Structures are given as structure tokens and as C-alpha cells.
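*Asks:* The structure is given below, and queries will be raised subsequently.
The values are calculated or read from the model by the stated rules, or taken from the named source; none is laboratory data. This is a predicted model, so every value here is computed, not measured. Cβ sites come from the backbone with ideal geometry, for glycine too, and all protein chains shown count toward neighbours. Note: areas computed on protein heavy atoms with side chains; ligands, DNA, RNA excluded. Shrake-Rupley method; radii C 1.70, N 1.55, O 1.52, S 1.80 Å.
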Amino acid sequence: MKDQSTDHSDYIRRITQVLSGKEPANEEDLLLIKRLSELAEAPDFDVQRGYERLSSEIQHRERARRDRRLRYLAVGAAAAAVVGLIVAILLPTRVAPEWSDGDPMVAMQVRETYFLPDSLFDAHDLQLIRDDGSLFHLRLSDRDTLRLSELAPVLRAGEMVSLVVPETRRGVVQLEDGTVVTLNSVSRLRMPTSFNGADRGVALEEGEALMQVAHDERHPFVVSVRDMSLEVLGTTFNVCLYPEQRPTATLVEGRLRVTGADDSSVVLSPGEEAVYGPSGLVSRQADLATRTAWVEGKFVFSHLPLSSIMTYLGRWYGFETEYADDSLRDNSYTGALSKEYSKDFVFGVLEKTTRLKIINQYEGRRVVVNHR
């Protein structure tokens with residue numbers, strides 16, 4: 001009998017056909033190939049470890065396929081690259097299972113569904129951290145949603161956990177009340193596994209998030225951020241805490257009350273944003289298309305300094321920037337780019353449309369910007 005857990009020929013053949021142009025590529029194929037390219041360029045890339053991770057994921061999918069209590073749609077299996085590399089990560093998209101409390105088999109299935117085994121940890125995994133310091137590396141792609149209600153068999157009701165999103169990734173979590181939070185790269189959200197009090201409270205500790213809050217008049221939704229507190233009943237808004245700019249809350253729809261560290265407060269209408277700076281809390285009109293472009297998978301820059309542009313790009317592609325001439329930092333540019341583009345393609349666009357020269361160093365972990 002053929003060992004399905006180690007026979008990857010079908011997966012390898014599929015991606016090989018796509019790469020050679022013999023079969024059309026769907027969206028999932030393109031995402032997988034992009035991930036393969038990123039892995040191969042990583043300075044600490046380990047082919048054997050990557051292969052082991054692929055094997056584990058394929059076995060995981062086959063076990064789940066045979067289990068009628070869980071259903072999966074495979075996002076992809078892996079293979080092949082132009083240089084003969086065979087490695088990838090298979091990340092399943094789930095249909096929400098129905099859990100029965102008190103069943104130890106359920107807890108085991110939750111762990112297999114959501115958590116990677118210790119031997120397959122990766123620096124680009126999303127992490128869920130408990131208050132006692134223990135953490136789980138999550139088996140999630142950027143298009144998957146972490147549903148806290150599904151983790152009830154392995155987490156205590158009401159306990160605080162933090163979702164951490166590293167460089168090159170983004171994450172989506174659905175809270176117990178149905179609120180959906182999308183997190184940008186290098187972000188951290190602290191939240192309870194369930195809401196039990198008079199209000200619903202979470203804390204954005206770093207990074208950027210778009211929050212679509214479930215409406216509940218009796219239980220206000222409160223977001224704690226650096227220098228500000230946000231209170232809503234049901235609305236969609238963006239919060240940005242990246243260190244290169246002031247804490248900013250931007251309202252997309254609904255109404256939002258923002259309170260500053262000095263107890264000043266403003267109530268925002270759609271299209272407005274509140275910024276906390278040296279003079280306190282101020283409100284102003286916002287460019288919603290620019291503020292929320294990251295959720296749509298785009299970079300949109302409007303008269304932005306080069307230093308800010310390179311910082312944004314560095315968080316997504318995982319690099320740091322040096323400037324051969326410090327005066328380059330303040331040059332401002334306007335434009336839009338898709339996050340699906342490779343780093344080298346983006347650098348090529350910048351070089352063709354500006355008078356800049358961008359040089360990769362240290363296997364792409366550092367870039368130097370100079371005059372062309």
C-alpha cells in the first residue's frame with residue numbers, strides 16, 4: 001500500500017506545471033509560490049527543516065480529511081522551484097467545527113487544527129501568548145481567521161491572551177462577540193478569550209489594526225492604546241501605533257469617542273481621525289483610502305517622506321534601511337503598490353520612477369539607499 005504521508009508527487013507535479021506554464025495558476029497557487037520565494041531568500045533558510053514542515057502539514061491534512069468532525073480546504077501543498085528547491089508550508093482554511101465541552105479528544109483536535117508542533121516553529125509564524133508566558137505558534141495563513149470561540153477547549157474562559165503578528169505577515173482574529181480585528185505587520189493585540197463584564201475591552205499594544213466592532217448598546221467596546229482610549233458601540237475604525245508617527249485613530253463608519261491621556265476627548269464622524277501629540281488630542285479630516293489601503297493588500301503613499309515609505313516596506317518585506325545621504329530621508333513621494341509584488345520588483349519600480357539606487361546587503365536583511 002502506498003504511504004500517502006510521504007508521497008508528495010501530486011503536489012510537486014501541480015506546482016511544477018504552474019511554474020512551467022502548462023497549467024493556469026489560481027490565486028492560491030500564486031500565494032504559495034510567493035511564500036516559497038520568500039522562504040528561499042531568508043538568510044536562515046534550512047531546506048531540511050522546511051521539508052520536514054511540509055511533510056508534517058501534508059500528514060496533518062490527510063488526517064483531517066479522514067476525520068469527519070473537521071473539514072478543510074487545502075490552501076496549497078508544495079513543491080518545486082526554478083533552482084530545484086522543494087519546500088513549502090501547507091496552511092489549511094477551516095470550516096468552523098462544533099466542539100463538545102469536556103471531551104479530551106476535542107482539545108487534541110483543536111491543537112492539531114491551530115497549533116504547529118515545536119519542531120516546526122518559524123520566525124514568521126503568528127503567535128498566541130498566554131499571561132503565564134506560554135505560547136502557541138499558529139497554523140494560519142494571512143487569509144485565515146483565528147476564531148477565539150473555537151479555542152475554548154484549550155484556553156480558560158475570560159483569560160487574557162495576546163496575538164502577535166511578525167514582519168512579512170498580517171493576521172485576522174474574530175473575538176468572542178463577533179468583532180473582527182485585522183492586524184498589520186509587527187502588531188500585538190491583547191484580548192480576553194470571552195467578555196464577561198459591563199464592557200468589552202481589548203488593548204492594541206503595538207502596530208496597526210482595523211476593527212469591525214459587533215454592535216451591542218449595553219456593552220460598549222473599549223480599546224486601550226498608547227496615550228488614548230477609544231469607546232464605541234458598533235463601528236469600523238483604524239488604529240495606528242507605529243513608532244514613527246503619533247498615535248492615530250481613524251473612523252471609517254459609525255461614531256467613535258476618543259479620550260487622550262490628558263482626559264481631553266473628541267467624538268469622531270466617518271472620515272475623521274484623532275491624533276495625540278505634544279499639544280494633546282486633536283481631530284482632523286482623514287484620507288481613508290490611504291489609511292486603510294493596507295487591509296486591501298496595498299501600499300498607498302501620499303506626499304510621504306522616503307524614510308516613512310522605507311519603514312513601511314521594511315515591516316512587510318523584513319529589512320532595515322540605511323541612507324548613504326541623510327538628506328534623502330526627507331524626499332517625499334506619492335504612489336501605490338501591491339503587497340503581492342516581490343521586494344525586488346518594488347525596488348525596481350522605485351528606481352525607475354525616482355532618482356534613487358537601492359542596494360541589497362546581508363542577504364536582503366539590510367538595504368542601502370543612495371542617489372542614482
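*Asks:* How much of the accessible area of the stretch 297-353, in percent, comes from carbon and sulfur atoms when a 1.4 Å probe is used?
*Replies:* Details: 1420 of 2890 Å².
Heavy-atom surface of the stretch 297-353 belonging to carbon and sulfur, 1.4 Å probe: 49 percent.
*Asks:* Please work out how much length the chain gains when fully extended from ASP199 to LYS357, using 0.36 nm per residue of separation minus the C-alpha to C-alpha distance, in nm with one decimal.
*Replies:* Length gained between ASP199 and LYS357: 51.7 nm.
*Asks:* Rounded to the nearest whole Å³, what is the per residue volume of the convex hull around the Cα atoms of the stretch 229-319? Please list the in-between numbers first.
*Replies:* Working: hull volume 9.8 nm³, N = 91.
It is 108 Å³ per residue.
*Asks:* At 1.4 Å probe radius, can you tell me the per residue accessible area of the stretch 187-237 in Å²?
*Replies:* On the way: 2070 Å² over 51 residues.
I get 41 Å² per residue for this part.
*Asks:* Determine Rg/Rh for the stretch 326-368; Rg is computed over alpha-carbon atoms and Rh is the Kirkwood hydrodynamic estimate from the same atoms.
*Replies:* Numbers: Rg = 11.2 Å, Rh = 11.6 Å.
Computed over Cα atoms, the ratio is 0.96.
*Asks:* With each label point set 7 Å from Cα along the Cα-Cβ vector, what nm distance links ALA336 and ARG226?
*Replies:* Inter-label distance under the simple model: 3.0 nm.
*Asks:* With an 8 Å cut-off on Cα pairs and a minimum separation of 6 or more residues, tell me the relative contact order of the stretch 184-331 in percent. Walk me through the numbers before you get to the answer.
*Replies:* On the way: 297 pairs, mean separation 21.3, N = 148.
Relative contact order comes out at 14 percent.
*Asks:* A further question follows. In percent, what relative contact order does the stretch 205-261 have, based on Cα pairs under 8 Å that are 6 or more apart in sequence?
*Replies:* Values: 117 pairs, mean separation 20.3, N = 57.
Over the stretch 205-261, the number comes to 36 percent.
*Asks:* Roughly how many Å² is the accessible area per residue of the stretch 306-368, as a whole number, for a 1.4 Å probe? Please report the intermediate quantities before stating the final value.
*Replies:* Working: 3410 Å² over 63 residues.
Result: 54 Å² of accessible area for each residue.
*Asks:* So what's Rg/Rh here for the stretch 103-145, counting alpha carbon atoms and using the Kirkwood radius for Rh?
*Replies:* Reported Rg/Rh, Kirkwood definition of Rh: 0.98.
*Asks:* So, in Å, what gap is there between the alpha-carbon centers of the stretch 252-314 and the stretch 320-372?
*Replies:* 24 Å
*Asks:* Something else now. All other residues with a Cβ under 11 Å from the Cβ of SER265 taken together, and with Lys, Arg as +1 and Asp, Glu as -1, what is their net charge? Don't jump to the answer; show the numbers that get you there.
*Replies:* On the way: positive: ARG257; negative: GLU231, ASP262, ASP263.
Combined, the nearby Lys, Arg, Asp and Glu give -2.
*Asks:* Oh, and also: Could you please state how large a percent of the accessible area of the stretch 162-210 is carbon and sulfur, counting protein chains only and using a 1.4 Å probe?
*Replies:* Carbon with sulfur: 42 percent of the solvent-accessible area.
*Asks:* Please list 199-212, 216-229, 157-170 highest first by mean number of surrounding beta-carbon atoms within 10 Å per residue. Write out the running numbers ahead of the final one.
*Replies:* Values: 199-212: 20.2, 216-229: 16.6, 157-170: 18.1.
Ranking, from highest mean packing down: 199-212, 157-170, 216-229.
*Asks:* Further, regarding this structure: Any chance you could look up the accessible area of ILE358 with a 1.4 Å probe, heavy atoms only, rounded to 10 Å²?
*Replies:* Here the residue's solvent-accessible area equals roughly 20 Å².
*Asks:* Which value, in nm² and rounded to one decimal, describes the direction-averaged projected area of the C-alpha convex hull of the stretch 128-277? Let's see the in-between values first.
*Replies:* Numbers: hull surface 36.1 nm².
One quarter of the hull surface, i.e. the mean projection, equals 9.0 nm².
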